[in-house]
1. Could you look through segment 106-115, keep only residues that are open to solvent by 10 Å² or more (accessible area, probe 1.4 Å) and assigned to a strand (DSSP E or B), and pick out the one that is farthest from residue 157 (Cα to Cα)?
2. Given the criteria touching a Pro at 6+ places or on another chain (Cβ under 9 Å) and either more than 27 Å from residue 75 (Cβ to Cβ) or surrounded by fewer than 17 Cβ atoms within 10 Å (Cβ to Cβ) (or both), does residue 126 qualify?
3. Hey, can you tell me all the residues within segment 40-62 that are touching a Gly at 6+ places or on another chain (Cβ under 9 Å) and either of a type outside the set (Phe, Trp, Tyr) or closer than 23 Å to residue 168 by Cα (or both)?
4. Hey, among 142, 102, which residue is more than 15 Å from the chain's Cα centre (by Cα), closer than 16 Å to residue 21 by Cα, open to solvent by 70 Å² or more (accessible area, probe 1.4 Å) and not polar (S, T, N, Q)?
5. All but one of (1) more than 25 Å from residue 17 (Cβ to Cβ); (2) touching a strand residue (DSSP E or B) at 6+ places or on another chain (Cβ under 9 Å) hold for residue 121; which doesn't?
6. Select, from 82, 166, 162, the only residue that is of a type outside the set (Asp, Glu), under 26 Å from residue 17 (Cβ atoms) and under 17 Å from the mean Cα position of the chain (by Cα).
Amino acid sequence: MPQKESSPKNKKAINYGSTIITWQAPEFRDLDRGPNWFMFAGVLTVMLIAWSIWQGGYPFAIVVILIAGIYFLTHKEKPKDIKIALTTNGILADSRFYPYPEIDNFWILFNPETDVKTLNIYTKSGMIREITFQLDEQDPAEIRSFLGAHVYELPDRTESFIEKIIRVCKL
């Protein structure tokens, strides 16, 4: 992995530091949604649209149609594998670099029963402040040990209620 990268826009070199731990993992979990899942989602969508029209909530019907359409368009593709590297200066995920001073905290979710194995970071700025990296076959203890020396860990952080709903409903 390169030590420095020069951006043609601002000519500023980024010092990634030395690479300590690397792994490759999908950018998100590829959930197995069978025909029953799609049938249920379609029926639910049609019911929400019918109910909103019956109630006179035409804007809500339009929103449901847009959300369903966007969801199916964005979730039909398989996740691409990304290369993740923990370096002495930050976390490099493909071409995106998160320097340690810009990371507020991190936590690792690891539950073999539910197949949840993620590294989560919360950044101090940006549009998307909470970022999740799949750990795939990477050892969570090794990640925790290294990152703990650079970033504050939230050791008691667990899956939120919304995250559980998303996982169970395969959204």
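1. The residue in question is 111.
2. no
3. none
4. It is 142.
5. Against the list (1) more than 25 Å from residue 17 (Cβ to Cβ); (2) touching a strand residue (DSSP E or B) at 6+ places or on another chain (Cβ under 9 Å), residue 121 comes up short only on (1).
6. The unique qualifying residue is 82.
The values are calculated or read from the model by the stated rules, or taken from the named source; none is laboratory data. Quick caveat: nothing in here was measured; it's all calculated off a predicted structure. Don't worry about glycine lacking a Cβ; one is built from the backbone with ideal geometry, like all the others, and counts go over all protein chains shown. The area values use the complete protein model at the heavy-atom level, side chains included, leaving out ligands, DNA and RNA. Shrake-Rupley method; radii C 1.70, N 1.55, O 1.52, S 1.80 Å.
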